[in-house]
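Reviewing the structure listed below.
The values are calculated or read from the model by the stated rules, or taken from the named source; none is laboratory data. Because the structure is a prediction, the values reported are computed rather than measured. Counting neighbours? That spans all protein chains shown, and the Cβs are built from the backbone with ideal geometry, glycine included.
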Amino acid sequence: MKDGGLRSTFRTRFRSWQWTSVETAGTASGVPDSEFCTPSGVQGWIEFKQTGIYRVNIRPFQVAWLMRRCRYGGNAWIAVRRVPQSKKENGRDELWLMSGSQAQALFETGLNSVYATMWEGGEGIWNWQEIEDILRGLRS
């Protein structure tokens, strides 16, 4: 899975939100995987990614879309699941959540250079209340 199962995980964790999967390959390049709207009317976009290293495969059209949306004041995010393959880091199942405004830095130099919030331990341990608050604009 290119998204590390994050699309279905977020839908399950935030099941009261309205979710729309977006696949625009031939019509509008770079649009994120999912659009959401909370019961209180907060709308946003999330691009889901998975990696085993600190580099993330994000395409230039995705970078451009996310950067522009954030420049215009939109609510756009990148969620990256990093599951290291090395024995040294065994068991570190991380979720990195960052504003879409970090897309260029993510593209150029990977996770080590972005301003993001990161949780370790897997979906059962990640702080879902904090994740919700960030996506709804209640925390930065």
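Summed over region 1-39, the residues that are of a type in the set (Gly, Ala, Ser), under 20 Å from GLY74 (Cα atoms) and either at pLDDT 95 or above or assigned to a strand (DSSP E or B) (or both) give a count of 2.
Can you tell me which residue among GLY30, GLY44, GLY52 is of a type outside the set (S, T, N, Q) and under 17 Å from VAL83 (Cα atoms)? Reasoning before the result, please.
Details: GLY30 fails: under 17 Å from VAL83 (Cα atoms); GLY44 fails: under 17 Å from VAL83 (Cα atoms).
Result: GLY52 is the single residue among GLY30, GLY44, GLY52 that is of a type outside the set (S, T, N, Q) and under 17 Å from VAL83 (Cα atoms).
Scanning for something modelled with pLDDT of 95 or more, surrounded by fewer than 16 Cβ atoms within 10 Å (Cβ to Cβ) and either among the basic types (Lys, Arg) or more than 15 Å from the chain's Cα centre (by Cα) (or both), does region 74-82 turn up at least one residue? No - not one qualifying residue is present in region 74-82.
Yes or no, residue by residue, for (1) within 16 Å of LYS2 (Cβ to Cβ); (2) touching a residue at least 40 places away in the same chain (Cβ under 8 Å); (3) charged (D, E, K, R); (4) in a helix (DSSP H, G or I):
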| site | (1), (2), (3), (4) |
| --- | --- |
| PHE48 | yes, yes, no, no |
| ARG69 | no, no, yes, yes |
| GLY73 | no, no, no, no |
| GLN104 | no, yes, no, yes |
| GLY122 | no, no, no, no |
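Name the single residue that is surrounded by the fewest Cβ atoms within 10 Å (Cβ to Cβ) among those in region 124-140 being of a type in the set (S, T, N, Q) and closer than 17 Å to LEU6 by Cα. Reasoning before the result, please.
Filtering region 124-140 down to residues of a type in the set (S, T, N, Q) leaves 127, 129, 140.
Narrowing further to those that are closer than 17 Å to LEU6 by Cα: 127, 129.
Values: ASN127: 13, GLN129: 9.
That would be GLN129.
Looking at region 50-67, which of the residues that are under 21 Å from GLY5 (Cβ atoms) and among the β-branched types (Val, Ile, Thr) is farthest from the chain's Cα centre (by Cα)? Result: ILE53.
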